[in-house]
Every structure is written in C-alpha cells, then in structure tokens.
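Take a look at the structure set out below.
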Amino acid sequence: MNTRTIRNGMLLASVGLAALGVMEVAVAETLSPSPSWTRAMPSAPDQHGRVMEEYAGHVARDAYFWAWPLVNMYNRRLAFGDLKDFVFAGPVPSAPLNRLAMLADYITPDQRSVACPNQDVVYGADFLGLDVTPVVVQVPDFADRFWVYQIVDARTDSFAQIGKMYGTQPGFYLLVGPNWHADVPKGIAQVFQATTNTAFIGPRVFMDDTPEDRQAIQTVLQQIMAYPLAEYDGSVKSKDWGALPESGSHGAGQAETQWVFPEKFFDQLPEVLQDVPPLPGEEARYAQVLAVIDAAKDDPSLKAAMTRAAKDADAQLVKPLFEFRNFGLQLPGNWSTISNGAAFGTDYLTRTAVAKSNILVNAPVQAKYFYQDLDATGGRLNGANRYTVTFAKDQTPPVNGFWSLALYNEHHFFAPNDLKRYSLGTKNKALKLDSDGSLTIYVQADRPGPEQVSNWLPAPKDAVFSLFMRAYWPKAAALDGSWTPPAVRRMN
C-alpha cells in the first residue's frame with residue numbers, strides 16, 4: 001500500500017465517521033523516520049570550529065531555496081497580524097489574525113497580494129496563529145453550489161478536508177495547533193490538527209458570471225465565518241462582506257507584493273523554523289543552517305556572505321521558477337502540471353516553484369491545474385499573435401465541479417481589457433459550440449468577429465502572457481493524465 005492509498009483510506013474513514021455523527025480529530029500526516037536516523041545526530045557543525053565564508057554562503061544558498069515558501073507564509077501572517085478590523089486592503093478581503101474576511105463578488109484585476117487569482121469563485125482569506133487560539137470554521141448550507149475551503153499550514157501543505165468533494169455537512173469545525181490538547185466543545189463536528197501554528201484558510205465558492213447568481217450567492221457568503229474558539233457559542237454567525245471599509249493596499253505596481261526579502265531572510269529564519277518542525281530527514285538541514293546563522297551573529301563577514309548567497313539564490317534559482325515552463329510534469333502541447341499540490345512534503349523544487357509562480361494552490365482532489373507559456377510549436381505566447389484552444393466534442397476538462405481557462409499577463413495577473421473578461425469556462429453561459437460540437441476559445445488582443453466574441457479571451461497587445469487551466473473537483477481522467485488540455489494553436 002503506497003502513501004497515497006493510505007491517505008485516501010484515512011480520508012474515506014473520516015468521511016464515513018462524519019456521516020455517522022462521530023466526531024474525530026484529523027491529524028496531518030507525518031512520515032516515519034529513516035531506520036538510521038540517529039546516525040545524523042548531532043548534525044550541526046562543531047560550535048567551536050571555524051566557519052568559512054564560502055561554506056556559510058553554500059549553506060545559505062541551499063536554505064534560501066527550500067525555506068523560501070516558509071518565510072513567505074510567515075510574512076503574510078505578520079501582515080494580517082497588524083490588522084485591527086475587517087477591511088478591504090485595496091481589493092483584498094482582510095481581517096485580523098484568526099478571523100476570516102470574504103469578498104462579495106469576483107476578485108478585481110488590481111489586487112497584487114497573490115498571483116494567479118481566478119474569477120470563477122468568490123474568495124475569502126484568513127491567516128491563522130494557532131499558537132494564539134484554536135479557530136472555529138463555520139460552514140453554511142451551500143446546497144448544490146460548488147465550494148471548498150482551502151486550509152494549509154506554513155509549508156503550504158493541506159491539513160484539513162472541508163468542501164463539497166468531501167461530503168462536508170453544514171456546521172462547525174475546529175482548527176488547532178500541534179500542541180493543543182483540550183476538551184472539544186459540544187457541537188463541533190470535527191477537529192483538524194495542524195503540524196504548524198501558522199496556517200491559512202481560503203474559501204472558494206463558485207459563482208456564475210450572471211447578475212442573477214451574484215444576487216443569489218449573497219446569503220450563503222454572509223454565513224462563511226472563522227473566529228477564535230472563545231467566541232464559539234453554537235449559534236450561526238453572519239456578516240455583510242460587501243460593507244467592509246477600504247483601508248490601504250496589499251501592494252502596488254504590476255508585480256506581486258514582495259513577501260520574501262533576501263537581506264532579512266536569515267534574521268527571520270530561526271523564528272520561522274521554530275514553528276515548522278523538521279520532517280523526517282530534515283533534521284540535519286535545520287541544524288546546519290541554524291549553526292551557521294549562530295556563527296554569523298558575531299561575524300559580519302559571515303552574515304554578508306549569507307546575504308550575498310540569498311540574493312544570488314533569489315535571482316538564479318527562485319526567480320526563474322516564476323515561469324511555468326521551468327517546472328512541473330511536462331505534458332503534450334507544451335502544457336505542464338503538478339501532481340502533489342498542497343502535499344509537497346520535502347519536494348522543495350515544486351513547493352518553491354509553486355510558491356513563486358502561484359502560491360496557495362489546492363490539493364489535487366480539490367483542483368487540478370494546467371500551466372501554459374508556449375504555443376504548440378514552442379513559441380512564447382504573445383499578444384502580437386492570434387491563437388485558438390479547441391476542445392473536441394465532449395472533451396472539455398472532466399470535472400465534477402467547474403473548469404476555466406484564464407489568461408495572465410507577464411506578472412501573472414489579469415490583463416485589463418474592455419470586456420473585463422479574464423477567463424472563460426463553466427461560469428460563462430453564452431459560450432458557443434462549433435458545428436461539430438467542439439468548443440473553440442479565441443485568444444488574441446484584437447476583437448474577433450461577432451460570432452466569436454462570446455468565446456474570446458482577450459490578450460494584452462504585443463506582450464507576453466500565460467494561460468492557466470483549472471479543473472475543480474476533477475474526475476479521474478484529469479488526475480491520472482488520460483485527459484490533457486488541447487494545444488494552443490497560433491493562427492497567424
């Protein structure tokens with residue numbers, strides 16, 4: 001039995017117990033230590049030995065790469081920790097630590113907090129400090145509407161399963177930190193225990209791109225809540241998310257807000273690692289970098305060498321992973337994907353690549369992602385050209401939830417256009433099929449003919465862009481690779 005089978009078995013057991021009304025504590029999966037793990041201890045350099053600048057730089061370069069997502073999440077938590085009330089920070093719903101804020105409509109194109117947003121769902125956001133308090137998560141009755149609460153730890157790994165694909169029932173759920181041991185209050189349906197105290201909740205609720213559905217969704221949105229355990233009384237709480245005041249912004253300019261700073265990285269890392277215990281096999285990595293950080297406290301030349309190494313790693317290792325074509329499983333037609341979203345473990349390459357290019361992805365059972373920078377011949381996608389993406393009859397992404405094809409500019413944000421259209425898919429009710437039953441999406445900067453406008457995905461004029469296909473609650477064919485997206489064909 002492999003790890004995936006074990007994880008799925010645990011999930012099925014969890015769903016079954018929930019259906020019987022039995023409350024259980026779901027603990028994030030951990031790996032067993034290697035048989036000879038004690039041979040690696042103690043793994044730190046001799047505290048009394050000399051540490052060369054070259055060695056300090058070597059350790060720093062490696063640590064910067066594998067710990068980049070951890071520091072990213074740490075600084076995002078700090079930003080939420082500074083908030084005193086619910087606000088729109090620019091276009092981003094924001095709340096104090098351990099409280100959830102929701103949008104009341106699609107995310108707008110000017111947000112810069114998280115790259116690769118989508119306009120298929122209404123988002124929420126909440127950074128957690130589970131060392132401060134456990135957090136109650138309220139789930140309303142979504143009826144037939146697709147929904148999922150993305151819940152990840154400081155490693156960006158999922159540790160709670162709450163969503164339509166899990167058969168989650170309306171009610172109250174509890175998120176707790178690794179050291180929490182107490183009685184579970186009456187009325188809590190399930191407890192999920194994280195392995196880190198820093199965590200994130202990101203509800204996603206599907207909405208059709210129609211005025212009618214925008215109105216219909218409001219009642220259920222207002223009942224999506226998360227709050228400290230001390231405020232739990234068993235009653236359903238609600239809030240009008242459309243009435244939040246605006247206060248500042250989470251970033252400006254064209255690129256994503258910077259969350260990781262090479263010059264501060266090793267000042268922050270010891271505190272970050274205190275919250276993120278090593279996975280089996282990581283003990284030596286932790287001890288090695290912490291020993292070098294300790295040596296650098298009294299040696300400015302070592303600190304300078306580490307900072308130089310961090311800047312070098314940022315430019316040469318992390319920055320290139322912003323481009324989708326530089327990582328992931330390679331698929332036909334130059335598409336790529338990942339198979340371990342939100343379950344990265346010690347796959348540092350994929351974890352850092354995803355954190356750099358499109359952080360906070362869902363687990364595969366929740367959403368499957370397909371990335372594209374290139375056309376069918378390997379040319380970089382560019383708004384100077386016209387392209388088509390044609391799904392054969394009955395070959396749109398196989399999903400139980402919804403699918404979409406989104407377009408992002410060179411910074412992985414929406415490219416402004418007159419239609420204010422940034423994706424096409426299930427939410428769009430005016431898509432037209434071809435005479436043979438196929439579906440063609442026209443990706444170009446110039447407005448196409450009248451019969452093609454409903455299927456037009458506007459591209460930025462004379463500028464590079466990327467395509468991003470989402471399959472929420474994917475069927476087996478999308479997960480096992482027997483279905484892959486059609487190639488992007490250049491038409492001029």
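The values are calculated or read from the model by the stated rules, or taken from the named source; none is laboratory data. Not measured: the values here are computed from a predicted model. Note: ideal-geometry Cβ built from the backbone for every residue, glycine included; neighbour counts use all protein chains shown.
Looking across 276, 318, 361, one residue alone is crowded, with 16+ Cβ neighbours inside 10 Å and touching a Leu at 6+ places or on another chain (Cβ under 7 Å). It is 276. If we scan segment 323-346, do we find a residue that is outside the structural domain of residue 468 (by TED's automatic domain parsing) and under 26 Å from residue 128 (Cβ atoms)? No, because not a single residue in segment 323-346 is outside the structural domain of residue 468 (by TED's automatic domain parsing) and under 26 Å from residue 128 (Cβ atoms).
The set of residues in segment 245-268 being more than 20 Å from residue 114 (Cα to Cα) and in a loop (DSSP other than H, G, I, E, B) consists of 245, 263, 264. Among residues of segment 149-160 that are on the phi > 0 side of the Ramachandran plot, those with a Cβ under 9 angstrom from a residue that is among the polar types (S, T, N, Q), sequence gap 6+ or separate chain, pair up as 156/72. Apart from one condition, residue 302 fits all of (1) part of a loop (DSSP other than H, G, I, E, B); (2) buried (at least 20 other Cβ atoms within 10 Å of the Cβ); the exception is (1).
Does any residue of segment 446-454 turn out to be out of contact with any helix residue (DSSP H, G or I) (no Cβ under 7 Å at 6 or more places or on another chain), assigned by TED's automatic domain parsing to the domain that holds residue 340, buried (at least 19 other Cβ atoms within 10 Å of the Cβ) and over 26 Å from residue 110 (Cα atoms)? Within segment 446-454 (the criterion being out of contact with any helix residue (DSSP H, G or I) (no Cβ under 7 Å at 6 or more places or on another chain), assigned by TED's automatic domain parsing to the domain that holds residue 340, buried (at least 19 other Cβ atoms within 10 Å of the Cβ) and over 26 Å from residue 110 (Cα atoms)), the answer is no, since none of the residues qualifies. In segment 455-485, of all residues being out of contact with any Phe, Trp or Tyr (no Cβ under 9 Å at 6 or more places or on another chain) and either surrounded by 14 or more Cβ atoms within 10 Å (Cβ to Cβ) or at pLDDT below 95 (or both), the one that is nearest to residue 340 (Cα to Cα) corresponds to 479. Within segment 144-165, one or more residues are surrounded by fewer than 18 Cβ atoms within 10 Å (Cβ to Cβ), under 21 Å from residue 403 (Cα atoms) and more than 18 Å from the chain's Cα centre (by Cα). Just one of the listed residues (263, 246, 212) is in contact with a strand residue (DSSP E or B) (Cβ under 8 Å, 6 or more places away or on another chain) and surrounded by fewer than 15 Cβ atoms within 10 Å (Cβ to Cβ), and it is 246. Scanning segment 313-353 for residues that are in contact (Cβ under 8 Å) with a residue 60 or more places away in the chain, outside any loop (DSSP other than H, G, I, E, B) and more than 28 Å from residue 280 (Cα to Cα) yields a count of 5. When we screen 273, 290, 302, 279 for residues that are in the same structural domain as residue 178 (by TED's automatic domain parsing) and touching a Pro at 6+ places or on another chain (Cβ under 9 Å), the only hit is 290.
Can you confirm whether residue 439 is free of Cβ contacts under 8 Å to residues at least 60 places away in the same chain, in contact with a Gly (Cβ under 9 Å, 6 or more places away or on another chain) and surrounded by 13 or more Cβ atoms within 10 Å (Cβ to Cβ)? Against the criterion (free of Cβ contacts under 8 Å to residues at least 60 places away in the same chain, in contact with a Gly (Cβ under 9 Å, 6 or more places away or on another chain) and surrounded by 13 or more Cβ atoms within 10 Å (Cβ to Cβ)), residue 439 does not qualify. Which residues, taken from segment 218-234, are among the acidic types (Asp, Glu) and in a helix (DSSP H, G or I)? Passing the criteria: only 231. Counting only strands (runs of 3 or more DSSP E) that fall entirely inside segment 365-438 and contain at least 3 residues that are assigned by TED's automatic domain parsing to the domain that holds residue 213, no element qualifies. Criterion applied to 303, 237 was being over 25 Å from the mean Cα position of the chain (by Cα), free of Cβ contacts under 8 Å to residues at least 40 places away in the same chain and farther than 30 Å from residue 109 by Cβ, and the one residue passing it is 303.
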